[in-house]
Every structure is written in C-alpha cells, then in structure tokens.
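The values are calculated or read from the model by the stated rules, or taken from the named source; none is laboratory data. Model, not experiment: these values are computed from the prediction. Cβ placement follows ideal geometry from the backbone for every residue including glycine, while neighbour counts extend to all protein chains displayed.
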Amino acid sequence: MAEEELEHQHGKARVRVARLWRSKVDGQPHYLVEWNVSVSLISKVLPAFTEGDNSNIVATDTIKNTVYAVAKECTERLSPEDYGVRLGKHFLTTYPEIVTGSKITLFEKPWERVTVNGQLHDHGYKLGSEKHTVEVVVKSDGEAEVTSGVSELSLLKTTQSGFEGFFRDKYTILSDTRERMLASAVRAVWSYSTKPADYQKTYEEVKDVLVTTFFGPPHEGVYSPSVQKTLYEMAQAVLARFPEIDSIYLNMPNIHFLPVNMPTVGVKLGDDVFTPTDEPHGTIEARLSRKH
Ligand SMILES: O=c1[nH]c(=O)c2[nH]c(=O)[nH]c2[nH]1
C-alpha cells in the first residue's frame, strides 16, 4: 500500500451553556451569559481511525461535559475570550499525553438586562429582537379592522419562578420546584374596540405593560407559579390599562433552561450551570377578552 497521511480531529459542536452568577450578597443583581461552544481536539488517536482502538479517545460526550464543568469553575464573571482560553488550555493540561492542540469557537447570545420603571432589573433579561406585527382586514363596508401585536419578545428571568403541585401520575418525572429560570419568546396579538389615538405609542406601552408584568419591580421581581398564571396576569394588566383594547391573545412557549447535574465534578442540579434548549418547549397560550 502507498504511504498515507491522515489528518484528524474530533470534538463537540454547538454545546449550549448558560452560566448564572448569583450575587454573594443578597439583593444584588444576577449576571447571566449564554454561550454556544464548539470544541475540536487534535490528539493522538490515529489507532482509533486505523485499527478501531478507542483507548485514547477523549469521548465527545466528555468534551461536552467539560464545557459545563469549566463554566462552573469560573466563579467570577468573565469574557467569552477568557472562558475560551481557559477551556482550550484545560484539554492540554488534563490530557498531556494525548491532546496536542485544541480549538474553541463560541458565540454569546445577546441577552441584555431589562429596564423596568426606568431602572435596570436585578434578574430580568431580554433579547432585543422583537417585531411589531399588524393585521388589517378591510370588509365590504370599507371599514378597516386592525389588530396589533408583538412577536419574538424574548424574556428571561433567573429567579422568582417555580412550578409545583401539578397533577402527577406514572409518567411524571418532573420534580416540584420554587426556583428555576423562566424564559419565553412571547407572541401577543390584540384587537381594538375603538381606534387608539396613536397606534405606535399604544404598541410601545402595551409592550411595556407585558414586560413589566412578566418581571415585576426592578429589585424584588414577582413570583411566577407557572407560565399560565404569568400569562393571565400579563393579559389582565393590558386590558386594565387600555380601555380601547377588547381582546388579547398571548402565546408563551416555556423555553427550558435545564439545570446541568454532574455531582462528580461539583456541578449541582439547579445551581448555576444550565443547558438552554429550544426544542421541545412547552406551549402555553390563551386569549382574554372583555365580556360585552
Ligand atoms: O409553567 C409551567 N407550566 C406548565 O404547564 C409546565 N409543564 C411543565 O412540564 N413545566 C411547566 N411549567
């Protein structure tokens, strides 16, 4: 056989990790980052390719867990660059006989602290990605029926959320909790009984009422016992504030941030390292209308 050369690498791509730094002092803000991390290792595993000898493979599952474990070890807030350097070096120092190089690529999701009543919220975050949506239907009488809405209003709070006391049967695994992350990409659509003075201003104000009700006051927040209850309170707040709105539909996926649990390396369930997941997600929706 002709001489050959095999260049190879392996790793794990698109590991999503959310790192939450809870304040050491009560009543101080929480800091959250969400990173999407890919790792590729250059290592001495030629026999794995040529002979089926796996003995030197650092499993890609182990690589994924390392992303979480190193995030956990970062006890102080740090930049994605500093995290990347720490993670990349970790593989060379942990497996000096095997790993000869590492490449880390990552991006940070642009979660920003939300402003409520003119103040930065202690545990509320938002992605600046929402869209103002409109539907206009013109009937044969020439009248225009306008519905306004907002979509992709991505909100996340790092505490003041729980879910407990739900129906249990043999298929139920979920534990009760009074401490979890709550994230949603809110879609709202509302209709008017009378034309508002200013559609744009009403849109901004409805959005503000939705956001303020979701998060509660800037420091203490407000406890959410479920997405359902929070959705209802958001809809009620809009109808209470805007007499010209006669109905509002809210669609609030429950976007799960699953606590990572790796007791062997000190990563404890529900603590400060999470896997954000897009799918599957809970779907919770309702319409609240005034009774005429
Ligand atoms: O707020 C929630 N509502 C649910 O209906 C539900 N179901 C679930 O598994 N988690 C949650 N959370």
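Scanning region 1-23 for residues that are touching a strand residue (DSSP E or B) at 6+ places or on another chain (Cβ under 7 Å) and among the aliphatic types (A, V, I, L, M), we see that the one that is surrounded by the fewest Cβ atoms within 10 Å (Cβ to Cβ) is 13. Yes or no: residue 212 assigned by TED's automatic domain parsing to the domain that holds residue 126, among the hydroxyl-bearing types (Ser, Thr, Tyr) and either surrounded by fewer than 20 Cβ atoms within 10 Å (Cβ to Cβ) or farther than 25 Å from residue 23 by Cα (or both)? In short, no.
Return yes when residue 136 is farther than 26 Å from residue 258 by Cα, at pLDDT 95 or above and touching a helix residue (DSSP H, G or I) at 6+ places or on another chain (Cβ under 8 Å) and no when it is not. For residue 136, the condition - farther than 26 Å from residue 258 by Cα, at pLDDT 95 or above and touching a helix residue (DSSP H, G or I) at 6+ places or on another chain (Cβ under 8 Å) - is not met. Kindly indicate whether residue 139 is of a type outside the set (Val, Ile, Thr) and in contact (Cβ under 8 Å) with a residue 40 or more places away in the chain. So residue 139 fails the test. Of all the numbered requirements in (1) crowded, with 19+ Cβ neighbours inside 10 Å; (2) outside any strand (DSSP E or B); (3) assigned by TED's automatic domain parsing to the domain that holds residue 15, residue 102 misses one, and that requirement is (2).
For beta carbons closer than 7 Å, sequence separation of 6+ or different chains, a first residue in region 252-268 that is in contact (Cβ under 8 Å) with a residue 24 or more places away in the chain and a second that is surrounded by fewer than 16 Cβ atoms within 10 Å (Cβ to Cβ) and among the hydroxyl-bearing types (Ser, Thr, Tyr), the qualifying pairs are 253/283; 256/277.
Residues that are away from the ligand (no atom under 14 Å from the Cβ) number at least 2 in the following strands (runs of 3 or more DSSP E) confined to region 152-271: 182-192, 245-251.
Selection of region 181-197 for residues being of a type outside the set (Ser, Thr, Tyr) and touching a Ser or Thr at 6+ places or on another chain (Cβ under 7 Å) yields 181, 182, 185, 187, 189, 190, 196.
The residue that is farthest from the ligand (Cβ to nearest atom), counting only those in region 272-290 that are in contact with an Asp or Glu (Cβ under 7 Å, 6 or more places away or on another chain) and outside any loop (DSSP other than H, G, I, E, B), is 289. The set of residues in region 41-56 being surrounded by 19 or more Cβ atoms within 10 Å (Cβ to Cβ) and in contact (Cβ under 8 Å) with a residue 60 or more places away in the chain consists of 41 alone. Does residue 132 satisfy the condition of being closer than 24 Å to residue 224 by Cα, outside any loop (DSSP other than H, G, I, E, B), in contact (Cβ under 8 Å) with a residue 60 or more places away in the chain and not assigned by TED's automatic domain parsing to the domain that holds residue 23? Spelling it out, it is not the case that residue 132 is closer than 24 Å to residue 224 by Cα, outside any loop (DSSP other than H, G, I, E, B), in contact (Cβ under 8 Å) with a residue 60 or more places away in the chain and not assigned by TED's automatic domain parsing to the domain that holds residue 23. Within region 198-207, the presence of a residue that is in contact with a Gly (Cβ under 6 Å, 6 or more places away or on another chain) and not hydroxyl-bearing (Ser, Thr, Tyr) is excluded.
Restricting attention to region 142-151 and to residues that are more than 24 Å from residue 213 (Cβ to Cβ) and assigned to a strand (DSSP E or B), the residue that is nearest to the ligand (Cβ to nearest atom) turns out to be 145.
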